[in-house]
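K.L.:
Mind looking over this structure? Questions follow.
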Amino acid sequence: MRVITDKLNAVFRPKGYVFYGWWIVASSAGVQLLASVLWMQSYGAYMVFLQEDFGWSKTLVAGAFAFTRIESGILGPLQGWLVDRFGPRFILTFGTVLFGIGFMFFSRIDSVLSFYLSFALIALGSSLGGFATLMVSIVSWFRRNRAKAVAMSQVGFAAGGLAVPIVIFFLEAYGWRQTAFMSGVAVLVLGLPLVQLVRHRPEDYGEVPDGITLPDATSALHISSVDFTAREAMRTRAFWMLSIGHALSLLTVSAVMVHLVPHLIEGLDYSLAAAGGVVALMTAFQMTGQMVGGYLGDKLDKRVISALCMVAHASGLLLVTFATSAWMVIGFAVLHGMAWGIRGPLMVALRADYFGARSFGTIMGFSSLIVMLGMAGGPVIAGYMADVSGDYESGLALLAGLSLCGSLAFLAATPPKKDATPAG
């Protein structure tokens, strides 16, 4: 017990008090929980009600989600530069306000145009006030424990999936309009205080990454001892392979977020409540995977782990696509949840390990131009093919195959070497 306590203190209390970086991790988890439960993980449930009220096709409703991901991707380079230049707290505050107002606008939509406009506002707010901005702070405050810190911050996103049944309860009890408006209020009341805890770089506050100065003996983990500029990073094969692998992984993740609930209801005859239970089960394994991935990512090769996770993504998606029993659906929840949980934090940690933290926001922003293709494409491909064929089987099977291709991309993303030639 004493050995375990000493190890925990070395991570969380390296100087006898809780390292401030962990408070940033906690606040980031809270912010991501709000975005997850109210928006990303609940979108499939909203989709059911929107189709009932307006009679819109799956492609049209999924297209709004895809549109928001395209918007976020295009915004990425500018957002990354703004965060690197002005720090994350101001950007987070502005984004959180837009996010809350966007939900209130969404609760009043009455046409396709207003629907898409409200989601554009939600996307802008959730992007500026969410994941990418938060990660700039976390990768700056951690080095040795970077994968653990990112994983623990993303537990909030996973916990949002566990809370989806609560959102479904409100949707059924109070309707989607009132639930959306209350969600906007919750974002403002809870989100704004949380983002005030976030700080940019530890050096500005008399701290160092991880709370303690460490010898530069991290080469076994492929952690770069130098900082790449965005231009230098984009000259490397690692930048492009990581971006492509990440995009292909999000084909599956985004399709599941949007279409899992409709597929379970229409294709497998689940009730809305039972479908929410599957989302919660998947999320429980996602949370488990995040803890496993955070530990393994700081010990083993993140690139190989990510490649194996892509195989698990594909296998899980095939199980739920052609499910003939509850056990196949459970198998999907285990495989997809674990793969998502393990791989998710490594996407951030790998880029920071390879390219450094100084220009991380800008590098992540340019990478998002590629990653957005997966986040936007998954829902549209699955929705369109379901509209054409009458079910989700062909679309989801295609996405499973593309996930396997993503495994090869991660294996090809070997650690980069900084070009000695000046970037100019």
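Every number in this text was worked out from the coordinates using simple rules, so none of it is lab data. Everything numeric here is computed off the predicted structure, so don't read it as measured data. Please note: Cβ atoms are built from the backbone with ideal geometry, for glycine as well, and neighbour counts cover all protein chains shown.
K.L.:
Could you name the lysines in cross-link range of K417, using Cα to Cα under 28 Å and dropping any fewer than eight places away on the same chain?
P.N.:
Those lysines meeting the cut-off are K148, K299, K302.
K.L.:
Among R235, R199, which comes first, then next, by fewest other beta-carbon atoms within 10 Å? Could you put the intermediate results ahead of the total?
P.N.:
Values: R235 16, R199 20.
With the fewest neighbours first, R235, R199 line up as R235, R199.
K.L.:
At 37 °C and a viscosity of 0.692 mPa s, what translational diffusion coefficient does Stokes-Einstein give for the stretch 351-402, taking Rh as the Kirkwood radius over Cα pairs? Give it in µm²/s as a whole number. Walk me through the intermediate numbers first.
P.N.:
Details: Rh = 12.9 Å.
Answer from the Stokes-Einstein relation: 254 µm²/s.
K.L.:
From zero up to wherever the largest Cα-Cα distance of the stretch 268-323 sits, split into 5 Å bins and tell me the percent of pairs in each.
P.N.:
P(r) over the stretch 268-323, rounded to whole percents: 4, 15, 18, 24, 16, 11, 7, 4, 1.
K.L.:
Taking the highest mean first, how do the peptides 394-407, 147-160 order by number of other beta carbon atoms within 10 angstrom per residue? The partial results should precede the final answer.
P.N.:
Details: 394-407: 20.7, 147-160: 26.1.
The most tightly packed comes first, giving 147-160, 394-407.
K.L.:
Highest mean first, what order results for 284-292, 299-307 on Cβ atoms within 10 Å?
P.N.:
Working: 284-292: 21.6, 299-307: 19.0.
Those peptides, ordered most packed to least, come out 284-292, 299-307.
K.L.:
Specify the inter-centroid distance of the stretch 116-193 and the stretch 332-403, based on alpha-carbon positions, in whole Å.
P.N.:
Answer, in whole Å: 18.
K.L.:
What size of dipole, in debye to the nearest 20, comes out for the chain about its Cα centre when the only charges are +1 on Lys and Arg C-beta atoms and -1 on Asp and Glu C-beta atoms?
P.N.:
Using only the charged Cβ atoms, the result is roughly 1340 debye.
K.L.:
Considering only S254, T5, V139, whose Cα is most displaced toward the positive end of the charge dipole of the chain, charges sitting on Cβ of Lys, Arg (+1) and Asp, Glu (-1)?
P.N.:
Going by the charge dipole, the pick is T5.
K.L.:
Still on this structure, please answer the following. Can you give me the P(r) profile for the stretch 144-218? Cα pairs, bins 5 angstrom wide beginning at 0, each as a whole percent.
P.N.:
3, 11, 12, 18, 15, 11, 9, 7, 6, 4, 2, 0
K.L.:
Right, another one. What is the helix-to-structure angle for 237-262, meaning the angle in degrees between its Cα long axis and the longest Cα principal axis of the chain, kept from 0 to 90 and rounded to the nearest 10?
P.N.:
30 degrees
K.L.:
Taking R0 as 45 Å, what's the FRET efficiency between D387 and Q196 from their Cβ-Cβ distance, rounded to 0.05? Spell out each step's value before the answer.
P.N.:
Values: r = 44 Å, r/R0 = 0.98.
The formula returns an efficiency of 0.50 here.
K.L.:
Taking the C-alpha atoms of the chain, how large are the radius of gyration and the largest Cα-Cα span, Dmax, in Å?
P.N.:
20.5, 63
K.L.:
If you don't mind, another one. Which of R351, R237 comes first, and how do the rest follow, when ranked by fewest Cβ neighbours within 10 Å?
P.N.:
Values: R351 26, R237 11.
By the 10 Å Cβ count, ascending: R237, R351.
K.L.:
Let me ask you something else. Please name whichever of T59, P14, L281 sits farthest to the positive end of the charge dipole of the chain, dipole taken about the Cα centre and charges placed at Cβ: Lys and Arg +1, Asp and Glu -1.
P.N.:
Most positive-ward Cα: P14.
K.L.:
Hey, another quick one. Against the longest alpha carbon principal axis of the chain, how many degrees, from 0 to 90 and to the nearest 10, is the axis of helix 88-106 turned?
P.N.:
The answer is roughly 0 degrees.
K.L.:
If you don't mind, there's one more thing I want to ask. May I ask you to derive the FRET efficiency for V208 and R237 from their Cβ-Cβ distance with R0 = 35 Å, giving the value to the nearest 0.05? Walk me through the numbers before you get to the answer.
P.N.:
On the way: r = 31 Å, r/R0 = 0.90.
Efficiency for this residue pair is about 0.65.
K.L.:
Here's another thing I want to ask about it. Run down the aspartates and glutamates and flag those whose C-alpha is under 18 Å from the C-alpha of K58, throwing out any fewer than 8 positions away in its chain.
P.N.:
D110, E266, D269, D387, D391, E393
K.L.:
Right, here's the next one. With a cut-off of 8 Å between alpha carbons and a minimum separation of six or more residues, what is the relative contact order of the stretch 160-313 in percent?
P.N.:
Values: 49 pairs, mean separation 62.6, N = 154.
Result for the stretch 160-313 is 41 percent.
K.L.:
For the stretch 272-424, calculate the relative contact order in percent as a whole number, restricting contacts to Cα pairs under 8 Å that are 6 or more residues apart. Show your work: numbers first, answer last.
P.N.:
Details: 160 pairs, mean separation 50.2, N = 153.
Worked out over the stretch 272-424, it gives 33 percent.
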